[in-house]
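For reference, the structure discussed in these notes is given below.
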Ligand SMILES: [Zn+2]
């Protein structure tokens, strides 16, 4: 099994709902869709990576739109600072 490649970008202005540490948007490319993860970015990564949604490839026209929707999903699961 190859390692899971999840591309993570920090979500500024939001905090992990579990530990109130930094949180990031994680996106993993899969055939036909992207899986979206809320990724705890606190120093010890105590809360790990939580899958919060899937975006089908046919529902977005380009990558920017996918990234925006992924961020919205993570924002909904995070705490606004
Ligand atoms: Zn956390």
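Results, tabulated for the structure shown:
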| quantity | calculated |
| --- | --- |
| In the range 28-42, residue farthest from the chain's Cα centre (by Cα) [restricted to those that are over 16 Å from residue 69 (Cβ atoms) and surrounded by 14 or more Cβ atoms within 10 Å (Cβ to Cβ)] | 42 |
| Search result, residues across the range 8-27 that are more than 10 Å from the ligand (Cβ to nearest atom) and either in contact (Cβ under 8 Å) with a residue 12 or more places away in the chain or within 9 Å of the chain's Cα centre (by Cα) (or both) | 8, 9, 10, 11, 13, 14, 24, 25, 26, 27 |
| Residue in the range 61-76 that is without any contact (Cβ under 8 Å) to a residue 12 or more places away in the chain and part of a strand (DSSP E or B) present | no |
| Candidate set from the range 52-69 (those that are in contact with a strand residue (DSSP E or B) (Cβ under 6 Å, 6 or more places away or on another chain) and within 12 Å of residue 33 (Cα to Cα)); member that is surrounded by the most Cβ atoms within 10 Å (Cβ to Cβ) | 66 |
| Some residue of the range 46-57 being more than 16 Å from the ligand (Cβ to nearest atom) and at pLDDT below 95 | yes |
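The values are calculated or read from the model by the stated rules, or taken from the named source; none is laboratory data. Because the structure is predicted, anything quoted here is derived from the model rather than measured. Ideal geometry is used to build each Cβ from the backbone, glycine not excepted, and the neighbour counts take in all protein chains shown.
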